[in-house]
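S.K.: A single structure is presented below for examination.
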Amino acid sequence: MKPTLQTRLGQQLSLTPQLRQAIRLLQLSAMELEAELNQALESNPLLEREEDAEPVFTPPDGDRPADAPSGEDAGDSPDSGDFDPGEQPDWFEASAGGSERRGNGEDDHDETTPAAPVDLHDHLLWQLQLSHLGPRDIAIGQALVEAINDDGYLEGPLADIQAALLPEITASEAEIETVLHIIQHFDPVGAGARSLSECLCVQLRLLSEDTPGLALAREVCSRHLDGLARLGAGKLAAQLQQPAEAMDQAVALLRSLDPKPGAQIGGGDAEYIAPDVIAYRQGGVWKVALAPGSQPRLGINRHYERLIGKASREDDSYLRGQLQEARWLIKSLETRADTLTRVAKAIVRQQSGFLDHGNVAMRPLTLREVAEELGLHESTISRATTRKYLRTPRGTFEFKYFFSSGIATEHGGAASATAIQAMLRKLIDAENPRSPLSDQRLAEILKGEGIPVARRTVAKYREAMNISASNERQRLA
């Protein structure tokens, strides 16, 4: 079995706050990462950019998808030479899943479309829909998510959730709490907690059992958090008859956790889409590479490194600390790039049908499937798919776009929600405008093609695509 992200990092970072740094970097978008690294470069003299480093992406020969634009509309075909991701071929069309630079005429300036802002509630609901819960539990989960504030804490008692579910659902507090515990392990981990103690304890539960200071940190978190704030680490250690060093280690671990997990998601100015990874087809096989500029390359400043051991004691101690931090940051960046690439490769493997044929070939895909394939936690996959973008011949899409729940077909397979929506749009586009297809009729047509969907499901998908009901679509030809 492949090691988890925490296990792999634990061998290098001992599951200290530096592990938290690596996981936090994975959460950041490309723009946020660049801002973070600029601050690190300003504050740490041991860090420098490797301007002359080898490029991340070596341009390969590319193949155009079978149904991509061709002829005069296609411009220079990638088959005629190397595919340079810095120069977008015309067959790289923008779509609803993302945006690319494009103009509409000779006088138009290129524009970029800002990425949609990330909202904590939408982020949690997306993960809830991809979970393996039944309709009843999903309804309970939706009520819980609505009661979570921007910091990530559940507001009000579970009795309020019970009342909100009535009269459609009568749920016990134990049933609601079971769903709540599942949500608390979504990304960001700890969202949905009812107290600071519960929030930190949830985060501690995900750490490896051999994490230094973990056992004492759990005890302090669950029973003595107020005492720690009131007495301080030294007095609490004496009260619990623990060595001062052990208490310091436990407190350091607690401080590395996030007391406001919801604040990670949302807020800030709109960002513009820049792909993190590129999917291209070479020799009939889909491949993946990091986009140019998506992975900042940092190195150690050798001049300051050579001063270690030669400077005064105070300066030497400072330089050694900065060198250690620089190495941790570089290692964390490498881990981030490796994780993004692995997740992108898994997506491309699973969704090669979409890349070849479009939305109608999108297959159901959940966070759990990718997590199990890569040996990572679902929350790690969620971090790696939020505000990370994959550039494909069909447009630039957020990683999250490739994940959706599915409906079992009569042929033993499954159809994704995205594929069903594409089929509905195709049927509606081809309908007689004098006699539009009703939701019931659309459901019957899909059932005839082996996809048993209910009328209300068709209505939900139609509304999600901003398509009016049949009586509003009716018009004279």
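S.K.: Taking 24 Å as the cut-off for C-alpha to C-alpha distance, list the pairs among Lys345/Lys400; Lys287/Lys400; Lys287/Lys460; Lys260/Lys345; Lys345/Lys447 that go past it. The partial results should precede the final answer.
M.R.: Values: Lys345/Lys400 14 Å; Lys287/Lys400 19 Å; Lys287/Lys460 35 Å; Lys260/Lys345 32 Å; Lys345/Lys447 33 Å.
Lys287/Lys460; Lys260/Lys345; Lys345/Lys447, as the Cα separations exceed 24 Å there.
S.K.: Taking only the C-alpha atoms, wrap a convex hull around region 348-408 and report its volume per residue in Å³ as a whole number.
M.R.: 81 Å³
S.K.: Name the shape class, rounded, prolate or oblate, that the alpha-carbon gyration tensor gives for region 141-284, where a ≥ b ≥ c are the square roots of its eigenvalues, rounded holds for a/c under 1.5, and otherwise prolate holds if a/b is larger than b/c and oblate otherwise.
M.R.: In terms of gyration-tensor shape, oblate.
S.K.: Between Ile308 and Ala238, what is 0.36 nm times their sequence separation minus the Cα-Cα distance? Round to one decimal in nm. Can you show the working numbers first?
M.R.: Details: separation 70, 0.36 × 70 = 25.20 nm, distance 3.83 nm.
Length gained, Ile308 through Ala238: 21.4 nm.
S.K.: What is the local net charge at Val251, summed over the other residues whose Cβ is closer than 13 Å to its Cβ (Lys, Arg +1; Asp, Glu -1)? Walk me through the numbers before you get to the answer.
M.R.: Values: positive: Arg218, Lys235, Arg255; negative: Glu219, Glu245, Asp248.
For residues surrounding Val251, the net value is 0.
S.K.: Using 0.36 nm per residue of separation minus the Cα-Cα distance, give me the extension gain between Arg205 and Asp315 in nm, one decimal.
M.R.: Going from the current span to full extension adds 35.7 nm.
S.K.: Net charge within 14 Å of Leu128 by Cβ-Cβ distance, Lys/Arg positive one each and Asp/Glu negative one each, not counting Leu128 itself? If you can, show how the numbers build up before the last one.
M.R.: Working: positive: Arg136, Arg368, Lys400; negative: Asp119, Asp122, Asp137, Glu146, Asp187, Glu378.
Here the count lands on -3.
S.K.: Follow-up question, since we're still on this one. What area, in nm² and to one decimal, does the C-alpha convex hull of region 204-353 cast on average over all directions?
M.R.: On the way: hull surface 62.1 nm².
Over every viewing direction, the Cα hull of region 204-353 projects on average to 15.5 nm².
FYI, it's all coordinate maths here, none of it is from the lab. Not measured: the values here are computed from a predicted model. Virtual Cβ from ideal backbone geometry, glycine too; neighbours counted across all protein chains shown.
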